[in-house]
Amino acid sequence: MNNSPVRPRLLSRGRYSEAVRIGEILRRETVGGAILVVAAVVALIWANSPAADSYFVLRDFRFGYEPWHLDLSLGQWASDGLLAIFFFLVGLELKREFVAGDLRNPSKALVPVAAAFGGVAVPALIYVAINWGNAESLRGWATPAATDIAFAVAVLAIIGSSLPTALRLFLLTLAVVDDLIAIAIIAIAYTEQIQIVPLLLCLIPFFVYLVLAQVFRDAFARHRWMAWVILLPIGAVMWALLHASGIHATIAGVALGFAVPVLHKAGAHGAAEQGPGLAEQFEHRFRPLSSGFAVPVFAFFAAGVAIGGLEGFTASLSDTITIGIIVALVVGKPIGILGTTWLLSKLTRAKLDESLRWIDLLGVGLLAGIGFTVSLLIAELSFGHGVLNDHAKVGILCASLLAALLGAIVLIARNRHYKAIAAEDLIDENADGIPDSYQRGE
């Protein structure tokens, strides 16, 4: 008789309902990721065409009310304003995972959260090591910190239809958490001067938004127009005040996302209403706006870099900024993610779930090196508009393409493997068509 204790498992597959939800997110992000890529390619072609001047004139066209610190260029409106919609979705998704998703269990949340921190720290250290001694270049230390959730998830959705749900959930949570870490870095490291009065004033619309969303959650769920007419203007006021305070205004999106309730209110007998909560409904409503418009428009204005032909491209690749970003994203990300997960397995004596292999995590770690959207934002905050920012953009674009290709090579092979054994994994199903393994909570 074997009396040895059962070792805990890393990245177990979780509930069937969560698997279905993650699959839906992946399918939606496929289209958004494709639009994102098209927008970036169009910007690159335009910025290096004979009509390049018109692209930069469009990007730098300014409008807005100066007394409210809103006289911004189109590029700034995209990075400060439209990206707030993207980070609103990040806030919604992260809160839902920790309140009602599989990650409400601390033991399940530990691995992707720790891996996200490792995936931020190791690339930053690699970048610093390569650029050590150059104070100007070191300003971009956080550029390779974040994973582009739309781009990475879109690649995974295209190539990984048969990959285990636990692996897809791992990438999704990892990307959301390290985007949140990147936003915290932006708030702390890239805020030069804080204006206290507008910062304190922005708390007023935030708490009004919070109270309305909590008290009238059922009304906002039933009537779609109410969120646009009531919550959106209040959120816009908070965004404007936070922007005037000197803190990057995209943080308003995360804060407002966290203010939206995930669960229904309990009824008269203490039982909550069934069905998706307000956060999940908002996610369904606003994700097309984010992935189909906000993020692609930002990518269009952020990705346009005048490379300067082969000579300019060669010059960019010789810059330590470009080298640091490429190495940090392509090599540092998988090392940080895989290394942290392996270290946790040793410290906790947990073993990888039997449905996964370490090479699967390597593939996810490589995909996490797609640092497009937030990396472009941080590069712009680090270097402004100039040669250094252009070199950083070249590094981000090259690294993201290389990470996508390497991750795809690994995961396409693993997807074939899992597809071959899918019939065996799903052979036992109950009357509802739900695998017994999910019923047992494995």
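Numbers below:
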read-out	value
For segment 77-151: relative contact order, % (alpha-carbon pairs under 8 angstrom, 6 or more apart)	19 percent
Per-residue SASA entry for Leu381, accessible area with 1.4 Å probe, Å² rounded to 10	60 Å²
Extent along principal axes [Cα atoms of segment 22-175; Å; largest to smallest]	51, 41, 36
Tail weight of P(r) past 11 Å, computed on alpha-carbon pairs of segment 211-256, percent	68 percent
List Asp80, Asp218, ordered by accessible area with a 1.4 Å probe, largest first	Asp218, Asp80
Cα gyration tensor, segment 282-375 - rounded (a/c under 1.5), prolate or oblate	oblate
Amide H contacts under 5 Å for Leu352, placed H, 5+ residues apart	Leu10
R0 of 51 Å, Cβ-Cβ distance Val99-Ile196: FRET efficiency to nearest 0.05	0.95
Label point distance in nm, Ile188-Leu58, each placed 7 Å from Cα along Cα→Cβ	3.9 nm
Contour minus Cα-Cα distance for Phe117 and Ala34 (0.36 nm per residue)	27.1 nm
Links that overshoot a 23 Å alpha carbon limit, given the list Lys95/Lys351; Lys346/Lys419; Lys108/Lys333; Lys108/Lys346	Lys95/Lys351; Lys346/Lys419
Note, ³J(HN,Hα) from phi for segment 220-231, Karplus 6.51, -1.76, 1.60, rounded to Hz, x at Gly and Pro	5, 6, 7, 10, 4, 5, 5, 5, 6, 7, 9, 6
Tyr65/Leu289 FRET efficiency (R0 30 Å; Cβ-Cβ; nearest 0.05)	0.80
Point-to-point label distance, Trp358-Leu110, nm (Cα→Cβ direction, 7 Å offset)	2.0 nm
Highest average packing first - 332-338, 357-363, Cβ atoms within 10 Å	332-338, 357-363
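The values are calculated or read from the model by the stated rules, or taken from the named source; none is laboratory data. The structure displayed is predicted, hence computed values, not measured ones. Neighbour counts are summed over all protein chains in view; Cβ atoms, including those assigned to glycine, are modelled from backbone coordinates with ideal geometry. What goes into the accessible areas is simple: the full protein's heavy atoms, side chains included, and nothing from ligands, DNA or RNA. Shrake-Rupley method; radii C 1.70, N 1.55, O 1.52, S 1.80 Å.
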